[in-house]
Amino acid sequence: MPAAPPAVPSPPGAPSAAASRPVRRDGSGRIEADYAARATAAALAGAGGPAIGILGGMGPEATVDLFAKIVRATPARVDQDHVRVVIDSNPKIPDRTAYLRGCGPDPVPAMVAGIQGLVALGARVILIPCNTAHVYFDRLQEASPVPILHIMREVARALAPGGDPAAGLAAGGPVGLLATELTVQSGLYHEALARVGLEVVVPDPPYQARVTRAIFGPDGIKAGVYAPARRRLLEAGAHLVERGARVLIAGCTELPLVLRPGDFPVPWVDPAEILARAALARVLGTPVEAGRR
């Protein structure tokens, strides 16, 4: 039997190994040991599970927000209970609106490259935290080897009679839509909600201009200026309520960054929250409640 290697002497003044171990008299050692056992069991049970892929950067803060909502909605008791999430936050993807206005490059090739990269890293379902990007959904899904969850369809499913109880909303319309002009003009929310019997109302032009400025303006959310953007969104939302909306959709993923529960006399829904729960339900195989915190 080969001789054991000689012990490496500790530097002068360093505590011995025995002395460096903390002495616990309060039971914290047992707490850590119990956590470690549960974490190990959870890691073994979830080894090789499917990952959620986020095609992000449109915009970056909305990407962070969606990831946080996935984490908060996950029924986890230890770190290893969480699902694997891979994120490509690429703010260099060409502007989704500019291309359709005839003044910018096609964003789809860059988006497809991002999806393919996520799939290569193990993603088995793709989320896109940008409502306007869903104008390109059919082209993206055709190029993707894994499913892409459609944010408008998930919102419609949640608001439908007998839909997602975690949405906390009574079925019924009309539904007021706060979104970019392109999202409104695309009719994607109108089409998805019509399939579940819900009518959509949109802001009159002066109020739609407020929403547009709140998102894209030099004093808007994408510019990192929140207070004036919030004020304009509150005005546009109140206008939709006056027009009969019984629930509002924050149909741009930047809007929940500045809106708060109770801002309007009717409920408002966060499509990113619904998208997060739908993705978790798919990879976990069970319905997921609203975020815990």
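The values are calculated or read from the model by the stated rules, or taken from the named source; none is laboratory data. Keep in mind that what you see is a predicted model, and the values were worked out from it rather than measured. Neighbour counts are summed over all protein chains in view; Cβ atoms, including those assigned to glycine, are modelled from backbone coordinates with ideal geometry. We work out accessible area using only protein heavy atoms, side chains counted, and drop any ligands, DNA or RNA first. Shrake-Rupley method; radii C 1.70, N 1.55, O 1.52, S 1.80 Å.
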What is the set of long-range amide H partners of I54 at a cut-off below 5 Å, with H atoms built 1.01 Å from backbone N? V86, I87, D88, L127
Do you know the relative contact order of the range 77-188, to the nearest whole percent, from alpha carbon pairs under 8 angstrom that are 6+ apart? 20
Relative contact order for the range 76-142: what percent, with Cα pairs under 8 Å and sequence separation of 6 or more? 30
Stretch gain in nm, segment R101-A209, where the contour uses 0.36 nm per residue and the Cα spacing is subtracted: 37.2 nm
What does the accessible area per residue of the range 197-293 come to in Å², with a 1.4 Å probe and no ligands, DNA or RNA counted? 45
Please compute the per residue accessible area over the range 105-169 with all protein chains in place, 1.4 Å probe, rounded to a whole number of Å². 38
³J(HN,Hα) computed for each position of the range 192-198 - Karplus, 6.51 cos²θ - 1.76 cosθ + 1.60, integer Hz, glycine/proline x: 5, 6, 4, 5, 10, x, 10
Charges at C-beta only: +1 for Lys and Arg, -1 for Asp and Glu. How large is the resulting dipole of the range 51-201 about its Cα centre, in Debye rounded to 20? 200
Mind checking the full-extension length gain between D138 and V64? Use 0.36 nm per residue of separation minus the Cα-Cα distance, one decimal, nm. 24.1 nm
The alpha-carbon center of the range 180-238 and that of the range 51-115 are separated, in whole Å, by 21
Karplus (6.51, -1.76, 1.60) ³J(HN,Hα), θ = phi - 60°, over the range 224-241, in Hz, Gly and Pro reported as x: x, 10, 9, 4, x, 5, 4, 4, 5, 5, 4, 5, 5, x, 4, 4, 5, 5
Under a 5 Å amide H to amide H cut-off, with H placed in plane at 1.01 Å, what residues pair with V200 once short-range neighbours are removed? V175
Of 102-113, 246-257, 62-73, ordering from highest average Cβ density within 10 Å down gives 246-257, 62-73, 102-113
Can you classify the range 56-95 as rounded, prolate or oblate using the Cα gyration tensor, where a ≥ b ≥ c are the square roots of its eigenvalues, rounded means a/c under 1.5, and otherwise it's prolate if a/b beats b/c and oblate if not? prolate
Once the Cβ-Cβ distance between D219 and V146 is put in as r, and R0 is 35 Å, what FRET efficiency do you end up with, to the nearest 0.05? 0.35
Using amide H atoms built 1.01 Å from N in the peptide plane, name the residues 5+ places from I148, or on other chains, whose amide H lies under 5 Å from its own. I126
Label-point separation, R77 to A113 (7 Å along Cα→Cβ), nm: 4.5
Restricting to Cα pairs below 8 Å that are 6+ residues apart, what does the relative contact order work out to for the range 144-293? Please round to a whole percent. 25
In the range 213-293, what percent of the accessible surface is made up of carbon and sulfur (1.4 Å probe, ligands and nucleic acids excluded)? 53
